[in-house]
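Participant: Quick one: structure below, then a few questions.
Just so it is clear, none of the values below were taken in a lab; they were calculated from the coordinates. Note that the structure is a prediction, hence the values are computed from the model and not measured. Quick reminder, even Gly has a Cβ in these numbers, built from the backbone with ideal geometry, and neighbours come from all protein chains shown.
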Amino acid sequence: MVSRITTAVAAVLAAFAAQAASAQGPGVEGVWSNPKGSVEVRTGTCGDKLCGVVVYASQKAQADARKAGAQPLIGTTLLRDYKADGTARWSGQVFVPDRQASYYSTIQLVDAQTLKVSGCILGGLICKSQMWHRVPSGGALAAR
């Protein structure tokens with residue numbers, strides 16, 4: 001009897017959690033495009049952290065990375081070791097291939113379609129941000 005009640009309670013809690021997640025809309029996981037549309041990054045979990053790997057790069061972006069001595073851009077993990085740092089905000093490291101360097105970074109889910117990516121130097125005193133946009137499933141990435 002107790003196990004049936006426990007199972008029923010667990011099922012109800014799971015249903016509420018799923019409903020709450022769907023009410024919030026899409027999370028940070030997905031494919032995101034930089035402002036120029038020259039790079040697309042797939043975000044997802046890497047162990048207990050969040051990361052982002054390049055899944056598309058324009059010919060120019062790939063050439064710029066090669067000129068700087070970077071490894072092939074597609075397959076490079078740009079967003080590294082992000083941990084939740086509040087509601088819809090994560091902190092970690094952003095790797096900049098043409099500088100061959102990683103910087104302190106935050107990402108923030110502005111809305112279901114917009115991700116603010118910031119990279120900082122001098123302990124976070126000077127930061128640069130970009131607004132990335134979600135790539136629709138079946139959109140440009142799927143056509144490539």
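Participant: Which whole-number percent gives the relative contact order of segment 27-136, counting Cα pairs below 8 Å spaced six or more residues apart? Don't jump to the answer; show the numbers that get you there.
Facilitator: Details: 257 pairs, mean separation 25.2, N = 110.
Over segment 27-136, the number comes to 23 percent.
Participant: Sticking with this structure for a sec: Between Thr77 and Thr114, what's the calculated FRET efficiency when r is the beta-carbon distance and R0 is 25 Å? Round to 0.05.
Facilitator: Numbers: r = 22 Å, r/R0 = 0.87.
Efficiency, rounded to the nearest 0.05: 0.70.
Participant: Among the lysines, select those whose C-alpha is under 17 Å from the C-alpha of Lys116, and discard any that sit fewer than 8 residues away in the same chain.
Facilitator: In chain and number order, the partners are Lys36, Lys83, Lys128.
Participant: Compute the Kirkwood hydrodynamic radius of segment 27-136, taking the inverse of the mean of 1/r over all pairs of distinct Cα atoms, and give it in Å to one decimal.
Facilitator: On the way: mean 1/r = 0.0719 Å⁻¹.
The answer is 13.9 Å.
Participant: Right, here's the next one. Checking the a/c ratio against 1.5 first, then a/b against b/c, what shape does the Cα gyration tensor give for segment 73-144?
Facilitator: On the way: a/c = 2.17, a/b = 1.33, b/c = 1.63.
It comes out oblate by the Cα gyration axes.
Participant: Excluding Arg99 itself, what net charge comes from residues whose Cβ is under 13 Å from its Cβ, given Lys and Arg +1 and Asp and Glu -1? Mind showing how you got there, number by number?
Facilitator: On the way: positive: Lys67, Lys128; negative: Asp64, Asp98.
Its environment carries a net charge of 0.
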